[in-house]
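Novice: Got a structure for you, written out below as structure tokens; questions coming shortly.
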Amino acid sequence: MQIARTLDDLRQVLAAYRKPAFVPTMGNLHDGHLALVRQAKPLGDVTVASIFVNRLQFLPHEDFDTYPRTWESDCAKLQASGCDVLFAPTEKELYPEPQVYKVHPPADLADILEGHFRPGFFVGVSTVVMKLFACVQPRVAVFGKKDYQQLMIIRRMVRQFALPIEVVAGETRRAEDGLALSSRNGYLSESERREAVQLSLALKRMAAAVQEGRRDFEAIESDAMAALAQRGWKPDYLTVRRRGDLQGAAEGDPLVVLGAAKLGATRLIDNLEF
């Protein structure tokens, strides 16, 4: 695996290839990330991953400075998963001057759910992904479904800017008990880790209620929120939405349930299509 620390190095390494397949990450890799790398491998003529902890998508009170950086472990895992090129720029390399040009996704998609509770988050995500796309110039990019709203925003951005990139979704990887794999799971204590599966179980119960014919979506949502709160969680949202645009659910729509809740000091997200 070749490691490119600068944009010039990256372009030199990729000059011989025509169809890079790209997996952007913030490092602290787990098997969910590595599954995306393995999924990307047959989709291009070179497999590229990036590691960059993007300051633009962290709010002032969030964990940018303490976000786990596990460089040696990440490199070993990527190499074992078949990654050909790792792009790992410094902040100075990717943002050599203040990033005043930014990508602002539409409010109807970006200011709801995660965007409501983390204002400006998707501006930071969209901006860094656009910049990484400009650096790597992939023909395929693989994003995980665990970050469901992010995947939808990136797909729409690619379509609106007519970028020559196919965005491929990777299924959420889960632990044996059903907890969605996440870099932030490492923040959980042993007791919190045992409790953490309750978020995915809550989403499963919500989906089952709808599949059984219930259409009182607000009641389903409030019941799920209350049940988690009784267990000591601080839920931000548990909601039933249309898959197509994440607006309110309606009869006959393909649906997704999405949830975000804090367990102790750790905020977890998950979703389930049905």
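The values are calculated or read from the model by the stated rules, or taken from the named source; none is laboratory data. Remember, it's a predicted structure, so these values are computed and weren't measured experimentally. Cβ placement follows ideal geometry from the backbone for every residue including glycine, while neighbour counts extend to all protein chains displayed. Each accessible area value is taken on the protein alone, full model and side chains, heavy atoms only, with ligands, DNA and RNA left out. Shrake-Rupley method; radii C 1.70, N 1.55, O 1.52, S 1.80 Å.
Novice: Which Rg and Dmax, in Å, describe the Cα atoms of the chain?
Specialist: Taking only Cα atoms of the chain, I get Rg and Dmax of 18.9, 57 Å.
Novice: Can you give the accessible area of Arg118 in Å² (nearest 10), computed on protein heavy atoms with a 1.4 Å probe?
Specialist: Its accessible surface works out to 30 Å², give or take rounding.
Novice: Using a 1.4 Å probe on the protein heavy atoms only, what accessible surface does Thr90 show? Give it in Å² to the nearest 10.
Specialist: 70 Å²
Novice: Given a cut-off of 26 Å, name the pairs among Lys41/Lys131; Lys145/Lys204; Lys92/Lys234; Lys77/Lys234; Lys204/Lys262; Lys77/Lys262 whose C-alpha atoms lie farther apart than that in the structure shown. If you can, show how the numbers build up before the last one.
Specialist: Values: Lys41/Lys131 22 Å; Lys145/Lys204 16 Å; Lys92/Lys234 37 Å; Lys77/Lys234 34 Å; Lys204/Lys262 18 Å; Lys77/Lys262 29 Å.
Check vs 26 Å cut-off fails for Lys92/Lys234; Lys77/Lys234; Lys77/Lys262.
Novice: A follow-up question, please. Placing +1 at every Lys and Arg Cβ and -1 at every Asp and Glu Cβ, with all other atoms neutral, what dipole size does the stretch 1-133 have around its Cα centre, in debye to the nearest 20? Don't skip to the answer; put the middle values down first.
Specialist: Working: 13 positive and 16 negative charges, 81 e Å.
Using only the charged Cβ atoms, the result is roughly 380 debye.
Novice: For the chain, what is the accessible area per residue in Å² when the probe is 1.4 Å? Display every interim value, and only then the final one.
Specialist: Working: 13260 Å² over 274 residues.
Using a 1.4 Å probe on heavy atoms only, each residue of the chain averages 48 Å².
Novice: Placing +1 at every Lys and Arg Cβ and -1 at every Asp and Glu Cβ, with all other atoms neutral, what dipole size does the stretch 85-241 have around its Cα centre, in debye to the nearest 20? Each step should come with its number before you reach the end.
Specialist: On the way: 22 positive and 20 negative charges, 65 e Å.
So the dipole magnitude of the stretch 85-241 works out to roughly 320 debye.
Novice: Then there is this: What's the magnitude of the charge dipole for the stretch 221-274 around its Cα centre, counting Lys and Arg as +1 and Asp and Glu as -1 at the beta-carbon? Answer in Debye, nearest 20. Each step should come with its number before you reach the end.
Specialist: On the way: 7 positive and 8 negative charges, 67 e Å.
With Lys and Arg at +1 and Asp and Glu at -1, about 320 debye.
Novice: Helix-derived [θ] at 222 nm for the chain: sum -39500 (n - 2.57) over DSSP H runs of at least 4, divide by residue count, nearest 500?
Specialist: Numbers: 11 runs with 104 residues, N = 274.
Roughly -11000 deg cm²/dmol at 222 nm, from the helical runs in the chain.
Novice: Between Met1 and Lys262, with labels modelled 7 Å along Cα→Cβ, what's the label distance in nm to one decimal, could you check?
Specialist: The two pseudo-label positions are separated by 3.4 nm.
Novice: Moving on. Pick from Asp111, Asp63, Asp147 the residue whose mean-square fluctuation is largest in a GNM of the chain, springs joining Cα atoms under 10 Å.
Specialist: It is Asp63.
Novice: For the stretch 24-39, just list the computed ³J(HN,Hα) in residue order, Karplus coefficients 6.51, -1.76 and 1.60, θ = phi - 60°, integers in Hz, with x standing in for Gly and Pro.
Specialist: In residue order, the calculated couplings are x, 9, 9, x, 6, 6, 10, 5, x, 4, 5, 5, 5, 5, 5, 5 Hz.
Novice: Can you give the FRET efficiency for Asp177 and Tyr67, using 1/(1 + (r/R0)^6), R0 = 22 Å, r = Cβ-Cβ distance, to the nearest 0.05? Walk me through the numbers on the way to the answer.
Specialist: Working: r = 25 Å, r/R0 = 1.13.
According to the calculation, E is roughly 0.30.
Novice: What net charge do the residues around Val158 carry, taking every other residue with its C-beta under 12 Å from that of Val158, with Lys and Arg at +1 and Asp and Glu at -1? Numbers along the way, then the final one.
Specialist: Working: positive: Arg139, Arg155, Arg156, Arg159; negative: Glu166.
Net charge in that neighbourhood comes out at +3.
Novice: On a full-extension model of 0.36 nm per residue, what is the gain between Gln160 and Arg194, subtracting their alpha-carbon distance, rounded to one decimal in nm? Provide the component values of the computation, followed by the final result.
Specialist: Details: separation 34, 0.36 × 34 = 12.24 nm, distance 4.21 nm.
8.0 nm is the gain from fully extending Gln160 to Arg194.
Novice: When the Karplus curve 6.51 cos²θ - 1.76 cosθ + 1.60 is applied with θ = phi - 60°, which whole-Hz ³J(HN,Hα) does each residue of the stretch 215-227 get, with x for Gly and Pro?
Specialist: 10, 7, 4, 5, 5, 4, 5, 5, 4, 5, 4, 5, 5
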